[in-house]
Amino acid sequence: MINNPKIFVIGEQTKFNIDSSKFDELNLSYKQFSDLLVIDALSDICDIVILHNSDLNKIKDISKFDVPVVVIIAAKGFCKSVSKLKNYIILEDDNQLSDMLDLFLLNYNDYVDFRSIIFTRHTSMEMIDETVNLLKDFVICHANLDELEMFKINIVYRELMTNAVRHGNKFDENKLIQVELMMDDQIKNIYIKIKDEGVGFDYKSAYDNVDKFDELRVKQRGLFLINEFSEKIICKNNKMCVQIKLNQNDNK
Amino acid sequence: MDVKVNENILELIANQNLVASNLEEQMNVTKTAIAENPNIEVVELNLEGVEEIDSLGINLVVGLYKQISSSNKKFLVTNTSRSIKNLFNLFKLNAYFEVK
């Protein structure tokens with residue numbers, strides 16, 4: 001846990017919608033700046049920088065950012081210039097910031113030197129296709145993977161999401177699925193975390209019950225694929241986290 | 001899914017990914033095509049337009065194979081990408097039908 005992290009919020013005053021009471025509640029000190037250009041001067045004296053609705057193209061050399069954690073609250077989609085940062089977390093809207101701050105304080109070191117995108121969607125099969133493109137953008141910006149490796153990541157992601165839609169949230173469009181995609185700073189692993197609103201399940205038991213010898217079965221292939229392509233799987237109630245090794249020839 | 005009939009071969013040409021979000025539509029086209037062509041001897045599933053397939057897509061293919069083979073017709077899968085071919089091999093499905 002970090003004590004009294006210095007948080008700097010940078011965003012245009014008129015668009016500043018972050019609920020500052022959360023900072024007060026957590027006894028966090030923060031300063032707000034409207035000018036993105038100050039970040040060069042601030043980067044080595046704060047713990048967390050929150051860029052809110054900022055135009056990242058205004059930063060001369062984004063790769064020089066040396067802040068332990070950068071949180072970017074942006075529109076949907078992935079900005080390629082962000083990929084040059086050593087660490088970042090992309091949130092889609094202000095609503096996620098509150099939960100994020102809680103996580104930071106408890107697991108700060110887990111986020112340093114990681115690149116993450118966190119987003120939430122309503123339950124639907126069609127949503128999976130849209131978010132697969134987000135996953136592809138995120139991976140392609142950092143890793144040089146061949147078709148087979150990218151296919152492996154995609155299929156694990158699809159299986160996790162399909163399970164969340166079908167079994168976790170039971171196709172209920174009112175229920176949400178939260179996704180966190182993380183990549184370590186060495187670009188050696190990608191972590192996919194999925195949280196649905198279901199009651200959870202016993203992964204090990206479900207996997208052990210797969211009849212792997214019934215090659216013509218028309219079910220139970222999803223868990224098999226997740227297991228086959230993942231280095232590590234953690235399942236806790238309604239949360240799944242998998243680690244997939246990135247086999248690439250050279251880093252970007 | 002497009003359908004072509006050439007003599008005794010029914011060719012099902014998948015023109016989108018075989019993934020959960022669009023399987024129902026593709027399954028309906030497939031069922032109709034098979035029902036409308038009872039005298040064909042070979043069913044070819046052409047995956048030239050398919051970049052991605054998930055476990056439900058695999059299940060669709062297996063279900064198709066089971067249906068075709070139960071009426072003593074031949075089933076094969078063609079124009080697969082390297083990744084998809086590997087996936088069929090992973091599930092040892094190449095032991096049941098040809099995957100090109």
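The values are calculated or read from the model by the stated rules, or taken from the named source; none is laboratory data. It should be emphasised that the depicted structure is a prediction, and the values quoted were computed from it without experimental measurement. So basically every Cβ, Gly included, is an ideal-geometry build from the backbone, and we count neighbours across all protein chains shown.
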All conditions in (1) loosely packed, with under 15 Cβ neighbours inside 10 Å; (2) over 16 Å from the mean Cα position of the chain (by Cα) are true of A:ASP185 except (2)
Considering the stretch A:145-185, residues that are within 25 Å of A:LEU85 (Cα to Cα) and part of a loop (DSSP other than H, G, I, E, B), and then whichever is farthest from the other protein chains (Cβ to nearest Cβ), we arrive at A:ASP185
Picked from the stretch A:197-229 (must be among the small types (Gly, Ala, Ser) and in contact (Cβ under 8 Å) with a residue 40 or more places away in the chain), the residue farthest from the other protein chains (Cβ to nearest Cβ) is A:GLY198
The condition of being surrounded by 15 or more Cβ atoms within 10 Å (Cβ to Cβ), farther than 30 Å from B:ILE68 by Cα and at pLDDT below 90 holds, among A:TYR203, A:TYR191, only for A:TYR203
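Yes or no, residue by residue, for (1) under 25 Å from A:LEU148 (Cα atoms); (2) modelled with pLDDT of 95 or more; (3) touching a helix residue (DSSP H, G or I) at 6+ places or on another chain (Cβ under 7 Å):
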position: B:ALA20; (1), (2), (3): yes, no, yes
position: B:LEU23; (1), (2), (3): yes, no, yes
position: B:VAL29; (1), (2), (3): no, no, no
position: B:ASN59; (1), (2), (3): yes, no, no
position: B:LYS73; (1), (2), (3): no, no, no
position: B:THR78; (1), (2), (3): yes, yes, no
Considering only strands (runs of 3 or more DSSP E) wholly within the stretch B:3-100, the ones with at least 2 residues that are surrounded by 18 or more Cβ atoms within 10 Å (Cβ to Cβ) and either more than 14 Å from every other protein chain (Cβ to nearest Cβ) or at positive phi (or both) are B:9-13, B:42-46
*Does the stretch A:200-221 contain at least one residue that is among the β-branched types (Val, Ile, Thr) and over 23 Å from B:GLY57 (Cβ atoms)?*
no
